[in-house]
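For reference, the structure discussed in these notes is given below.
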Amino acid sequence: MSNVIYINNIIRDFKLGQETVHVLKGIDLEIKRGEYLAIMGPSGSGKSTLMNLLGCLDTPTAGTYILNNNDVSKLSDDELAEIRNREIGFVFQTFNLLPRTTALDNVALPMIYAGASKAERTARASAVLTDVGLADRMDHKPNQLSGGQRQRVAVGRALVNKPSIILADEPTGNLDSKTSLEIMQLFDNIHAAGNTVILVTHEEDVAQHANRIIRLRDGLIESDISKTSN
């Protein structure tokens with residue numbers, strides 16, 4: 001199985017006044033296509049910084065990041081934005097939906113940036129919303145939906161451009177335990193359909209859905225454990 005992500009000696013420093021804060025101190029990581037991975041670690045361990053780098057929301061201070069055979073560690077902001085829209089579907093704890101826009105239009109949004117026609121956008125967004133169990137909620141706006149339904153819309157939006165990777169940051173952080181389980185079952189289904197799924201979470205029960213768990217501590221990988229396949 002080929003690597004979708006290859007990271008070598010990634011360092012990320014931040015300047016705070018005269019001081020330099022070393023957040024990631026040399027991370028090596030390979031993620032194969034179709035893997036289901038959870039990234040864990042206490043606050044300050046570097047997991048959000050690593051997620052931002054994996055998601056091409058940020059670039060490393062040093063080191064190499066190859067995403068789908070592209071070296072993204074040295075791209076410009078515009079090039080990163082294009083890769084992000086094409087290769088990565090994001091799901092955030094806070095949903096990040098447009099409040100005055102229907103579920104259908106929220107899901108179709110990334111396709112506008114990709115240059116798809118209105119007909120293509122509507123057809124694909126409808127299909128994705130059906131896949132995530134919201135066929136009867138396409139015309140609803142976020143304030144007419146429950147938290148779990150809003151997160152389903154966010155998952156649909158992440159899937160709409162058929163990205164290489166689904167990257168989810170604390171995807172159940174704002175949900176009750178029953179709804180969290182439903183959303184995690186949705187991620188299990190997405191993985192079963194062949195997608196690469198990367199979760200960033202501090203919740204053990206969420207991480208246990210993944211086949212591989214990486215734990216960060218003080219900017220380094222403390223452990224990297226894969227479950228054996230059944």
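Residues checked against (1) surrounded by 20 or more Cβ atoms within 10 Å (Cβ to Cβ); (2) touching a residue at least 60 places away in the same chain (Cβ under 8 Å):
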| site | (1), (2) |
| --- | --- |
| Glu82 | no, no |
| Gln93 | no, yes |
| Asp105 | no, no |
| Ala108 | yes, no |
| Gly115 | no, no |
| Ala119 | no, no |
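For region 157-173, which residues satisfy the criterion of being under 16 Å from Ala38 (Cα atoms) and buried (at least 23 other Cβ atoms within 10 Å of the Cβ)?
Filtering region 157-173 for residues under 16 Å from Ala38 (Cα atoms) gives 165-173.
Residues satisfying the conditions are Ile165, Leu167, Ala168, Pro171, Thr172.
Every listed requirement among (1) in contact with a helix residue (DSSP H, G or I) (Cβ under 8 Å, 6 or more places away or on another chain); (2) free of Cβ contacts under 8 Å to residues at least 60 places away in the same chain; (3) buried (at least 16 other Cβ atoms within 10 Å of the Cβ) is met by Asn52 save one, (1). For region 124-137, a residue qualifies if it is surrounded by 13 or more Cβ atoms within 10 Å (Cβ to Cβ) and part of a helix (DSSP H, G or I), and the qualifying residues are Arg124, Ala125, Ser126, Ala127, Val128, Leu129, Thr130, Asp131, Arg137. Residues in region 138-153 that are in a helix (DSSP H, G or I) and under 18 Å from Lys178 (Cβ atoms): Gly147, Gly148, Gln149, Arg150, Gln151, Arg152. Across region 95-117, the number of residues qualifying as touching a Lys or Arg at 6+ places or on another chain (Cβ under 8 Å) and under 13 Å from Gln149 (Cα atoms) comes to 6. Screening Leu37 against (1) in contact with a helix residue (DSSP H, G or I) (Cβ under 9 Å, 6 or more places away or on another chain); (2) aliphatic (A, V, I, L, M); (3) at pLDDT 95 or above leaves a single unmet condition, (1).
Tell me, which strands (runs of 3 or more DSSP E) lie completely within region 174-230 with 3 or more residues that are within 19 Å of Phe90 (Cα to Cα)?
Working: elements: 196-200, 212-217, 220-226.
Of the strands (runs of 3 or more DSSP E) lying wholly inside region 174-230, those with at least 3 residues that are within 19 Å of Phe90 (Cα to Cα) span 196-200.
When Ala114 is tested against the conditions (1) farther than 16 Å from Asn195 by Cβ; (2) hydrophobic (A, V, I, L, M, F, W, C); (3) within 21 Å of the chain's Cα centre (by Cα); (4) at pLDDT 95 or above, the lone failure is (4).
Can you find a residue in region 145-156 that is farther than 21 Å from Gly89 by Cα and surrounded by 16 or more Cβ atoms within 10 Å (Cβ to Cβ)? Yes.
I need the full set of residues from region 205-221 which are farther than 15 Å from Leu37 by Cβ and either surrounded by 21 or more Cβ atoms within 10 Å (Cβ to Cβ) or touching a strand residue (DSSP E or B) at 6+ places or on another chain (Cβ under 8 Å) (or both), in order please. Across region 205-221, the qualifying residues are Asp218, Gly219, Leu220.
The values are calculated or read from the model by the stated rules, or taken from the named source; none is laboratory data. Just so we're clear, the structure is a prediction, and the values are computed from it rather than from any experiment. When we count neighbours, we look across all protein chains shown, and the Cβ atoms used for this are built from the backbone with ideal geometry, even at glycine.
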